[in-house]
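Report on the following structure.
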C-alpha cells in the first residue's frame, strides 16, 4: 500500500459565509458548490469540504464539532503580505513568523484562528533546515 497524499479534509463550521470570507477573501482559496447543497474550498490539488454543524453529510466523523482542527497550509506568497491582508479583514495574527518543522523540512509559519476557532498555520518552505523548533 502506498498513500500518495491528501485529497480533502472536512471542517464542520457554524457559518458558511464567515468561513468563506476567511478562506476565500483572506487566504485566496476557491469556493465551489457541488452536489446537493455541498460546499468546498479548493487550493492546488486538494480541497476542504465544509459541513454545517447539525447538517453534516454521512458518513462523517464520530464527533464533528466546529473549532477542533489544527492544520497547516503551504504558500509561496510573502508571509508579510498574508499577515497584512488577514489583519485588514479583521483576522489578527496569533503567532509568527516562527520556524517550524514540516513534512519535508523547515517552514516559516504564521498562525491564525478561523471563525470557528480552528488553528490555521500558513507556511512557506525554507531552504535552510537549521534551527527547527517544532
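Coordinate-derived values only; no laboratory data. Computed from a predicted structure; not experimentally measured. With ideal geometry, Cβ positions are generated from the backbone for all residues, glycine too; neighbour counts draw on all protein chains shown.
What spacing in nm lies between the two simple spin-label points modelled at residue 103 and residue 80, each 7 Å away from Cα in the Cβ direction?
3.0 nm
Over the chain, with a Gaussian network built from C-alpha contacts below 10 Å, which listed residue (69, 40, 77) shows the highest mean-square fluctuation?
For the chain, modelled as a Gaussian network with Cα springs under 10 Å, the answer is 77.
Using Cα-Cα distances under 8 Å and only pairs 6 or more residues apart, what relative contact order does region 3-44 have, in percent?
Computed over region 3-44, the figure is 25 percent.
Share of antiparallel DSSP beta bridges in region 8-125, in percent to the nearest 5?
65 percent
Rounded to the nearest 0.05, what FRET efficiency do residue 32 and residue 52 have when you use their Cβ-Cβ distance and R0 = 25 Å?
0.95
Would you mind checking the tilt of helix 79-88 against the longest principal axis of the Cα atoms of the chain, expressed as 0 to 90 degrees and rounded to 10?
Between the helix axis and the principal axis of the chain, the angle is about 50 degrees.
Can you match semi-axes √(5λ) of the Cα gyration tensor in Å to one of these, [x] 28, 24, 13; [y] 26, 18, 13; [z] 49, 22, 10, based on a calculation from the structure here?
Given [x] 28, 24, 13; [y] 26, 18, 13; [z] 49, 22, 10, the calculated one carries the label [y].
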